[in-house]
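Student: Handing you this structure, nothing more for now.
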Amino acid sequence: MSDSGATSLLTRAMQRRSFFQVAGAAAATSALLLAGCKDNTVTPTEPKLALESGEKGVLTYAYILEQLEAAFYQKVVAAPPTDFSTEEKAIFQQLYEHEVLHREYLGQVLTSLGNTPPANLEFSFTTLPLSTRAGVLEAAQQLEDLGVAAYNGAAKLMNTPLLLTALAKISSVEARHAALVRDLLQPGSFAGADVVATSGDLAGLDDSKTPLQVLVEVNKFSVIQISGAELPTA
């Protein structure tokens, strides 16, 4: 082999060796970069609304309840079940309007106290059977009973007479809603042991639930999770 031919072979061999060395280094560098990316991955946190302490927190909690109920009735009014009567459609329209009035009133109270109400919360009712009359009425009864129990529990946490009176008046309307829906579902029926205490000093009175108990149910429908950890308990 001539000197020029040997030189050409040597040059090609060196070029190949350099290529593999560079490729190997690049692969090692890429692996290190990927490993570094894995270590720095941030797990997204679930959106959450934390309610403040004190009476303002309790009012915000009540405001959220009214948003939930208004959103539910709005959905039913927009797409009522096919077996709803004309009268029942009119009743649910009125229930919706009541809940909107409650929602707007509480929002105005919070604003007057210097708070910014968490407006336009989103709710999903896909777990409720809203395609039939029976399904809608059962869901409405569930929400209205929850609302009455929620207001009964919230009233115990209020110290300002004017604010307590406002919640008591809304609670009385919610109780009428609950009775109406229960009668539509089963004419002539009466609130059972599931919502009325049957023993003790409060026998015969509507049940009450703490904000934390109620928020467990509210969070089943709320798109963002709502925390009441800072709300008063007594």
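Student: Considering (1) within 18 Å of the chain's Cα centre (by Cα); (2) at positive phi, say which one Gly54 fails and leave the rest.
Tutor: That leaves (1) as the condition not met.
Student: Right, here's the next one. Hey, does the stretch 86-98 have a residue that's assigned by TED's automatic domain parsing to the domain that holds Pro187, under 20 Å from Leu215 (Cα atoms) and at pLDDT 95 or above?
Tutor: No, there is no match, as no residue in the stretch 86-98 is assigned by TED's automatic domain parsing to the domain that holds Pro187, under 20 Å from Leu215 (Cα atoms) and at pLDDT 95 or above.
Student: Considering only residues that are touching a Lys or Arg at 6+ places or on another chain (Cβ under 8 Å) and either farther than 17 Å from Gly135 by Cβ or in a helix (DSSP H, G or I) (or both), which ones fall in the stretch 70-96?
Tutor: Within the stretch 70-96, Ala70, Val77, Glu88 qualify.
Student: Please go through the stretch 97-113 and pick out each residue that is in a helix (DSSP H, G or I), more than 20 Å from Ala140 (Cβ to Cβ) and touching a residue at least 40 places away in the same chain (Cβ under 8 Å).
Tutor: If the condition is that a residue be in a helix (DSSP H, G or I), more than 20 Å from Ala140 (Cβ to Cβ) and touching a residue at least 40 places away in the same chain (Cβ under 8 Å), then Tyr105, Leu106, Gly107, Val109, Leu110 are the ones that fit.
Student: Any idea which residue in the stretch 67-95 is nearest to the chain's Cα centre (by Cα), counting only those that are crowded, with 20+ Cβ neighbours inside 10 Å and among the aromatic types (Phe, Trp, Tyr)?
Tutor: Taking the candidates together, the pick is Phe72.
Student: For Leu157, which of the numbered conditions (1) touching a residue at least 24 places away in the same chain (Cβ under 8 Å); (2) among the hydrophobic types (A, V, I, L, M, F, W, C); (3) closer than 30 Å to Ala79 by Cβ fails to hold?
Tutor: It is condition (3) that Leu157 fails.
Student: Select from the stretch 115-162 the residues that are among the acidic types (Asp, Glu) and either assigned to a loop (DSSP other than H, G, I, E, B) or within 24 Å of Ile224 (Cα to Cα) (or both) and list them in ascending order.
Tutor: Taking the stretch 115-162 and keeping what is among the acidic types (Asp, Glu), we get 122, 138, 144-145.
Glu122, Glu144, Asp145, listed by residue number.
Student: Now, a different point. Give me the residue from the stretch 167-196 that is within 28 Å of the chain's Cα centre (by Cα) and part of a loop (DSSP other than H, G, I, E, B) and, out of that set, modelled with the lowest pLDDT.
Tutor: That would be Ala193.
Student: So, one more: Are there any pairs, at least 6 apart or on different chains, whose C-beta atoms fall under 6 Å, with the first in the stretch 117-145 and in the same structural domain as Asp207 (by TED's automatic domain parsing) and the second acidic (Asp, Glu), and if so, which?
Tutor: These pairs meet every condition: Arg133/Asp83; Leu143/Glu69.
Student: Of the numbered conditions (1) out of contact with any Ser or Thr (no Cβ under 7 Å at 6 or more places or on another chain); (2) more than 30 Å from Pro187 (Cβ to Cβ); (3) surrounded by 19 or more Cβ atoms within 10 Å (Cβ to Cβ), Pro117 fails exactly one; give the number of that condition.
Tutor: It fails just one condition, (1).
Student: Glu66 - would you say it is acidic (Asp, Glu) and closer than 20 Å to Ala50 by Cα?
Tutor: yes
Student: Here is a follow-up. Taking the criterion of being modelled with pLDDT of 95 or more and under 14 Å from Tyr61 (Cα atoms), would at least one residue in the stretch 121-132 satisfy it? Lay out the reasoning, then the answer.
Tutor: Going residue by residue through the stretch 121-132, those that are modelled with pLDDT of 95 or more are 121-132.
Still in the running and under 14 Å from Tyr61 (Cα atoms): 121.
Yes.
The values are calculated or read from the model by the stated rules, or taken from the named source; none is laboratory data. Keep in mind the model is a prediction, meaning the values are calculated, not measured. Here the Cβ is made from the backbone with ideal geometry for all residues, glycine too, and neighbour counts use every protein chain on show.
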